[in-house]
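Engineer: Quick one: structure below, then a few questions.
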Amino acid sequence: MLIDLHCDTFLKLMKDKENSNLYENEFSIDIRKLKRANSLAQFFAMWIDLKKENDPMERCLEMIDKFYIELDKNPIDIALATNYDEIIKNNKEGKISAVLTIEEGGAIRGQLHNLRNYYRLGVRAITLTWNHANEIGYPNLNDEYRNKGLTEFGKEVVCEMNRLGMLIDVSHLSDAGFYDVARLSEKPFIASHSNSRAMKNHFRNLTDDMIKVLSERGGVMGISVEKEFLGDSNNAKIEDMIRHIKHIRNVGGIDVIAIGTDFDGCSPNSEIGNIGEMDKLREALKKNKFTEDEIDKIFYGNALRVIKEVL
């Protein structure tokens, strides 16, 4: 089974609303490919670019509407899940679970009541920033932001997400913001699509100390197929994914590792071409002497544990 903590498929679907659909498309994720991957749950991000949207909340709501339209079209194959019990129920009924997430905390427009209303709409995880500063905090995009932590409002958001039972996602967040979340959050948090900075010195990856802190807090980091996060090759190599996974296991233990592909939001040219080919990674892990129990933890077990604890 597989839980993928991050994809941008609905961005692709929004760009071609009339001719594309969730059941079968030319993108990296659709229902048919998810079935081939034996997917237990797929986290679908509603991605917002603050520099391109006059009203980020309006855009986010439009994407959420598209999300529900596609679920309504495919009730036999996929269903919303807002907690652990619903994931288990959907699986027993032969359905993939769709977890609704937002990638860009600016979509709440600096108001906690908007956060609560997103929760009521089914949103269960929010990436606090993307690549622009917002009311919550700062991205890890450059040195200007790296040492800037959460705003006072951002600290309120962390506490309210804890209270509601939402996953706090620190991928894209500044280094200082990461440590603010680690200090303030009473529940495990996630880095939905980040790899190891020691293995590839990219600002989107986590340092060894961050990996240790994330592990100590009971959280997980989703291994991404984005080539810029993996190595120096022009394509995303499975051997680089294995290199990152081995290092993270050595630093933070097996329980901190999950999958967060970033499919349909990452660069092309990956040895794993789509979600339906994730068995290539499973086979590579076997060849590298990972046990079945370790592989299951990486593919779904660790993420499911965090879901059960937080949602």
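Engineer: Taking all protein chains in place and a 1.4 Å probe, what share, in percent, of the accessible surface of the chain do carbon and sulfur account for?
Structural biologist: Using a 1.4 Å probe with all protein chains present, the chain comes out at 43 percent carbon and sulfur.
Engineer: Based on the Cβ-Cβ distance of Asn162 and Lys212, what FRET efficiency does E = 1/(1 + (r/R0)^6) give at R0 = 22 Å, to the nearest 0.05?
Structural biologist: Efficiency for this residue pair is about 0.55.
Engineer: Of Met278, Ser171, Asn234, which is farthest towards the positive pole of the chain's charge dipole, taken about the Cα centre with +1 and -1 on the beta-carbons of Lys, Arg and Asp, Glu respectively?
Structural biologist: Met278
Engineer: Among Leu100, Leu128, Leu184, which one shows the highest mean-square fluctuation when the chain is modelled as a Gaussian network with alpha-carbon springs under 10 Å?
Structural biologist: In the Gaussian network model the winner is Leu184.
Engineer: Multiply the residue separation of His132 and Asp55 by 0.36 nm, subtract the distance between their alpha-carbon atoms, and state the gained length in nm to one decimal. Show your work: numbers first, answer last.
Structural biologist: Numbers: separation 77, 0.36 × 77 = 27.72 nm, distance 1.47 nm.
Full-extension gain reported as 26.2 nm.
Engineer: If each of Ser233 and Thr291 carries a label point 7 Å out from its Cα toward its Cβ, how far apart are those two points in nm?
Structural biologist: Simple spin-label model gives 2.9 nm for this pair.
Engineer: Follow-up question, since we're still on this one. Please quote Rg/Rh for the range 193-298 to two decimal places, taking the Kirkwood radius as Rh and restricting both calculations to Cα atoms.
Structural biologist: On the way: Rg = 12.6 Å, Rh = 13.6 Å.
Reported Rg/Rh (Cα atoms, Kirkwood Rh): 0.93.
Engineer: Listed here are the pairs Lys237/Lys297; Lys17/Lys308; Lys33/Lys280; Lys33/Lys308; Lys12/Lys200; Lys33/Lys237; which of them are more than 23 Å apart at the Cα? Could the numbers behind the result be given before it?
Structural biologist: Values: Lys237/Lys297 21 Å; Lys17/Lys308 34 Å; Lys33/Lys280 14 Å; Lys33/Lys308 25 Å; Lys12/Lys200 28 Å; Lys33/Lys237 20 Å.
As for pairs spanning more than 23 Å Cα to Cα, those are Lys17/Lys308; Lys33/Lys308; Lys12/Lys200.
Engineer: Here's a follow-up. Please give me, ordered by residue number, the trypsin sites (Lys or Arg not before Pro) of the range 209-311 that lie in loop per DSSP and have at most 10 other Cβ atoms within 10 Å.
Structural biologist: Answer in residue order: Lys289.
Engineer: While we're looking at this one, here's another question. Quick one: Cα centre-to-centre distance for the range 136-205 and the range 31-100, in angstrom?
Structural biologist: Here the two parts' Cα centres lie 23 Å apart.
Engineer: What aspartates and glutamates does Lys187 reach when the alpha-carbon gap must be under 18 Å and sequence neighbours fewer than 8 apart in one chain are set aside?
Structural biologist: Counting by Cα, and skipping residues close in sequence, Lys187 has these aspartates and glutamates nearby: Glu156, Glu160, Asp169, Glu216, Asp255, Glu309.
Engineer: Now for a different question. Counting Lys +1, Arg +1, Asp -1, Glu -1, what net charge surrounds Tyr138 among other residues with beta carbon under 12 Å of its beta carbon?
Structural biologist: Computed value for this residue: -3.
Engineer: Restrict the search to the range 70-118; then list the GluC sites (Glu not before Pro) that DSSP places in a loop and that have at most 13 other Cβ atoms within 10 Å of their Cβ.
Structural biologist: Glu93
Engineer: Given +1 on the Cβ of Lys and Arg, -1 on the Cβ of Asp and Glu, and no further charges, what dipole in debye does the chain carry about its Cα centre, rounded to the nearest 20?
Structural biologist: Here the size comes out at about 620 debye.
Engineer: For the chain, calculate the relative contact order in percent as a whole number, restricting contacts to Cα pairs under 8 Å that are 6 or more residues apart.
Structural biologist: Normalised by residue count, the contact order of the chain is 19 percent.
Engineer: Pop a pseudo-label 7 angstrom from the Cα along the beta-carbon direction at both Glu18 and Arg116 and give the gap in nm to one decimal.
Structural biologist: 4.1 nm
Engineer: Counting pairwise Cα distances across the chain, what percent come out greater than 38 angstrom?
Structural biologist: 5 percent
Engineer: What's the FRET efficiency of Arg36 with Asn201 using the Cβ-Cβ distance as r and R₀ = 45 Å, to the nearest 0.05?
Structural biologist: Values: r = 34 Å, r/R0 = 0.76.
That gives a FRET efficiency of 0.85.
Engineer: Of the options Gly94, Gly301, Asn19, report the single residue whose Cα projects farthest towards the positive end of the charge dipole of the chain (beta-carbon charges: Lys, Arg +1; Asp, Glu -1).
Structural biologist: Result: Gly301, furthest along the dipole toward the positive end.
The values are calculated or read from the model by the stated rules, or taken from the named source; none is laboratory data. No experiment lies behind these values; they were computed from the predicted model shown. Cβ coordinates were reconstructed from backbone atoms using ideal geometry, including for glycine residues, and neighbour counts include every protein chain displayed. Heavy atoms of the whole protein, side chains included, go into the accessibility calculation; ligands, DNA and RNA do not. Shrake-Rupley method; radii C 1.70, N 1.55, O 1.52, S 1.80 Å.
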